[in-house]
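None of the figures in this text is laboratory data; all of them are computed from the coordinates on show. Quick caveat, the model's predicted, so the values are computed rather than measured. Using ideal geometry, Cβ is built from the backbone for each residue, glycine included, and neighbour counts are taken over all protein chains shown.
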Amino acid sequence: MTTPVDLSMNETPYPPLPSVRRLVEQGAGQLNRYPDHASKALVGAIAGHLDVPPEHVLVGPGSAGLCQHVIAGLDRTRGEVLHAALSFEAYPLLIANGGARPVPVPMDGFRHDLAAIADAVTADTRAVLLCNPNNPTGAVLHRAEVEAFLDRIPPEVVVIIDEAYREFVTDPDVPDGIDLYRGRDNVCVLRTFSKAYGLATLRVGYAVAGARVGAASRMAGMVFFPGGLGQAAAVASLAADATAELATRLADLAAERRWLAQALTGYGLPVAPSEANFLWLPVGDGSAGFAQRLGEAGVLVRPYPGHGVRITVGDRPANERLLAAVRETTVSPVP
């Protein structure tokens, strides 16, 4: 039986960078040792890479885990966290685990409706979650609109900008969350080594936030996390040689994203513009059936019933298998 191609999990199609892989292999002999509970080397490397104070950097179990820690550490007298209605599916659970109530705000097409989110802020709003690029639609928010949005948000409400897919962005008008955090005490930026850097198994993410948010979040975090191999791999991923190789891989993936989008459009499928490492097909009520037929043809994708299908951009052989499966399926596009 042919092994299925899994394009459902938003993983990079590339293995770890060679320098990072060698370091992890060498570190296997130290599995009996506890990691540095303060992750000093990793925090220092991230701070230097981004030119931010080390005390503004938190590391933890991926950007998702840190999202929960940040929410849990914020003002518990406020009970609501706002998020886009069609965004990262784990947000409601992370918010609930952080001791708050999720409040979904309807989208503006494939994008966050920033005006509606700002209008939904109340005296009970603890935080707002922005996912940029958005998962699962791949849509982005641009600099001027995000800055105008931040100007509308009360300073006591924390805006958490989830940039798990930031490295895949090619649109120059998409703001760097770190630039937005500078000078704004209520902005927290989340990033991860799981996606572009290919360290999904090791679960290493980081947050950048001012002292007010950072101090509270540290109290909600896990001890001895990330593990030692994860810390070392993340540090190595920020080295100059690794950064140069990563840039080449990102350029290759962006080209593959364009090629795959054009190919899918050529088969009559609707494909939303994407700045992430996945494509969004807004096929509405046909989503579940389309995904099932692709699965039967040996290609796994992620359906969002009633909305669309998310397809991770794989390497060329995987993408060609996807297109071969698509040729064998039919779907009714949503206008």
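A few points about this structure:
- Scaling the Cα radius of gyration of segment 34-238 by the globular reference 2.2 N^0.38 Å produces a ratio of 0.95.
- Gain in span if fully extended, residue 3 to residue 254, counting 0.36 nm per residue against the direct Cα distance: 87.8 nm
- Taking every alpha-carbon pair under 8 Å whose residues sit at least 6 apart, segment 34-151 reaches a relative contact order of 23 percent.
- Relative contact order (%) - criterion: Cα under 8 Å, at least six apart; region: segment 34-238: 30 percent
- Bridges between two residues of segment 34-238, per DSSP, are antiparallel at a rate of about 35%.
- For segment 136-242, size of Cβ-based charge dipole, Lys and Arg +1, Asp and Glu -1, in debye: 440 debye
- When you restrict to C-alpha pairs under 8 Å that are six or more residues apart and normalise by the size of segment 193-258, the relative contact order lands at 34 percent.
- When the helices of the chain are scored as -39500 (n - 2.57) per DSSP H run of n ≥ 4 and the total is divided over every residue, the value at 222 nm lands at -12000 deg cm²/dmol.
- Other-chain or far-sequence residues with amide H under 5 Å of residue 187's (modelled H): 159, 210
- Fully extending the segment from residue 265 to residue 21, taken as 0.36 nm per residue of separation minus the present Cα-Cα distance, adds 84.2 nm.
- Student exercise, the chain dipole from Lys, Arg, Asp, Glu Cβ charges, in Debye to nearest 20: 680 debye
- Kirkwood Rh (inverse of mean 1/r, distinct Cα pairs), segment 36-97, angstrom: 13.5 Å
- Counted by neighbouring Cβ atoms within 10 Å, the residues 328, 275 run from fewest to most as 328, 275.
- Förster radius 25 Å - calculated FRET efficiency between residue 185 and residue 144, Cβ distance, rounded to 0.05: 0.70
- For residue 279, distant residues with modelled amide H under 5 Å away: 311, 312, 313
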